[in-house]
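The values are calculated or read from the model by the stated rules, or taken from the named source; none is laboratory data. These numbers come from a predicted model, not from an experiment. Every residue, glycine among them, receives a Cβ derived from its backbone with ideal geometry; neighbour counts consider all protein chains shown. Each accessible area value is taken on the protein alone, full model and side chains, heavy atoms only, with ligands, DNA and RNA left out. Shrake-Rupley method; radii C 1.70, N 1.55, O 1.52, S 1.80 Å.
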Amino acid sequence: MEDGAIAIDPQKAKATIDNVFDGYYSVTLETKQENLIADIDKIEITDKRFYILDRRNCVISIFDKNGFYISKIDRKGQGPDEYLDIADFAISDTLVYVLSRIEKKLFIYTETGAFVKSYVLDDFYDYFHIEGKELFLYSNYSNSKLYNIIVANLNEDAISYSKEFLPFLKNQSFSFTPTPFNKTTENELLVCQQYDYCIYNLNKGFISKECNLEFITKDKIPPNFEREGFDKIYTELSNKSVVTRVTHVNKHNDILYVVYNFEHNRYITKIGKTTLTAETLKLELNDIYPFVFATPVMFHEGYLVGYLHAAHILPFNSRFESDKNNDRSLSEEDNPVLFFHKFK
């Protein structure tokens with residue numbers, strides 16, 4: 001567009017699925033009485049493990065790459081080594097970092113759930129990302145500092161704060177999902193916010209604009225949405241034909257992929273960084289990749305990672321190679337199935 005933004009019209013989604021994806025595989029998560037998953041709110045993937053957050057149960061379940069259950073972090077309580085909630089979590093050097101927004105604390109556990117230590121935070125934060133000893137905290141327009149991103153360092157006994165990015169006008173006390181942090185295949189950290197069509201790049205402690213998007217839709221986000229208040233804006237936009245945010249973003253082979261919701265459907269747009277062309281695909285049931293409509297959770301190493309509850313799969317298919325049941329068929333009581341769709 002004239003202002004440099006990349007125009008995206010989800011109502012003209014004409015990309016073919018085999019022009020975006022090149023195969024997929026699935027992993028059925030083992031189901032046991034001690035590891036039942038109500039929902040998947042976040043996934044962290046390492047060389048050998050899947051770490052899966054279930055906020056409703058305040059549990060992080062750990063599986064191997066074949067979907068077999070290993071252990072879990074289940075330390076909800078009021079003791080000094082226990083958390084009251086899990087707003088977010090991350091993995092670093094085989095340790096599990098757990099953010100409790102209610103307590104303004106960051107807890108550290110081993111993979112077996114043993115308590116290591118905790119840090120007291122200076123404000124309320126909803127999400128975080130960790131790189132070595134560098135900590136990126138995100139507030140969701142909801143702290144007293146009036147900055148969404150705070151850069152800090154994990155010292156031996158305390159946290160030191162160094163930089164602040166993305167200021168906002170007032171504390172909204174309103175939370176959104178999912179995480180704004182997206183680690184790309186090219187090892188960059190991209191950030192996308194609610195009601196903001198700009199994608200930011202956090203690189204070596206500095207922030208820059210990766211690109212501006214402009215969604216061509218019937219309704220628009222009010223330019224003064226912060227002043228109006230998020231309670232009001234959220235209600236006003238709930239039934240509008242508008243994209244409220246980019247939910248997931250990745251950069252892979254000089255192509256930017258953005259995932260977003262529009263009119264109760266999910267879309268992915270493939271943007272050529274050099275050609276500035278945009279191809280959009282509606283993620284819906286199809287014959288080639290029947291489960292591409294799985295709920296997106298993250299990008300990982302050239303794959304779009306999503307999940308479906310077993311009950312949502314059964315109407316289409318009950319058999320998966322990684323299934324753990326004796327007859328190799330799913331039941332409604334089984335844990336969700338992960339899907340990995342490979343980009344072309």
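Could you tell me whether VAL292 is open to solvent by less than 10 Å² (accessible area, probe 1.4 Å) and either more than 20 Å from the chain's Cα centre (by Cα) or over 20 Å from THR184 (Cβ atoms) (or both)? Yes: the conditions hold for VAL292. Picking from residues in the range 21-64 that are in a loop (DSSP other than H, G, I, E, B) and within 16 Å of the chain's Cα centre (by Cα), the one that is surrounded by the fewest Cβ atoms within 10 Å (Cβ to Cβ) is THR46.
Among the helices (runs of 4 or more DSSP H) confined wholly to the range 225-344, which include 1 or more residues that are of a type outside the set (D, E, K, R) and free of Cβ contacts under 8 Å to residues at least 24 places away in the same chain? First the steps, then the outcome.
Details: elements: 225-228, 230-237, 310-313.
Helices (runs of 4 or more DSSP H) meeting the threshold: 230-237, 310-313.
Candidates are the residues of the range 121-133 that are modelled with pLDDT of 95 or more and farther than 18 Å from THR177 by Cα; the one that is most open to solvent (accessible area, probe 1.4 Å) is ASP122.
Can you find even one residue in the range 174-195 that is basic (Lys, Arg), in contact (Cβ under 8 Å) with a residue 40 or more places away in the chain and farther than 29 Å from LEU53 by Cα? No: the range 174-195 contains no residue that is basic (Lys, Arg), in contact (Cβ under 8 Å) with a residue 40 or more places away in the chain and farther than 29 Å from LEU53 by Cα. When VAL259 is tested against the conditions (1) within 15 Å of the chain's Cα centre (by Cα); (2) open to solvent by 70 Å² or more (accessible area, probe 1.4 Å), the lone failure is (2). Taking the listed residues LEU308, LEU330, LEU304, the one that is more than 25 Å from the chain's Cα centre (by Cα), modelled with pLDDT of 85 or more and open to solvent by less than 20 Å² (accessible area, probe 1.4 Å) is LEU330, with no other qualifying. Screening ASP18 against (1) within 22 Å of the chain's Cα centre (by Cα); (2) in contact (Cβ under 8 Å) with a residue 40 or more places away in the chain; (3) open to solvent by 40 Å² or more (accessible area, probe 1.4 Å) leaves a single unmet condition, (1).
Restricting attention to the range 139-148 and to residues that are more than 16 Å from LYS105 (Cβ to Cβ) and among the hydroxyl-bearing types (Ser, Thr, Tyr), the residue that is surrounded by the fewest Cβ atoms within 10 Å (Cβ to Cβ) turns out to be SER144. Pairing each residue of the range 55-68 that is within 16 Å of TYR109 (Cβ to Cβ) with any residue that is open to solvent by 70 Å² or more (accessible area, probe 1.4 Å) and part of a loop (DSSP other than H, G, I, E, B), provided the two are 6+ apart or on different chains, yields C-beta distances under 7 Å for VAL59/ASP74.
Scanning for something open to solvent by less than 10 Å² (accessible area, probe 1.4 Å), within 29 Å of GLU301 (Cα to Cα) and modelled with pLDDT of 95 or more, does the range 151-169 turn up at least one residue? Yes: one or more hits.
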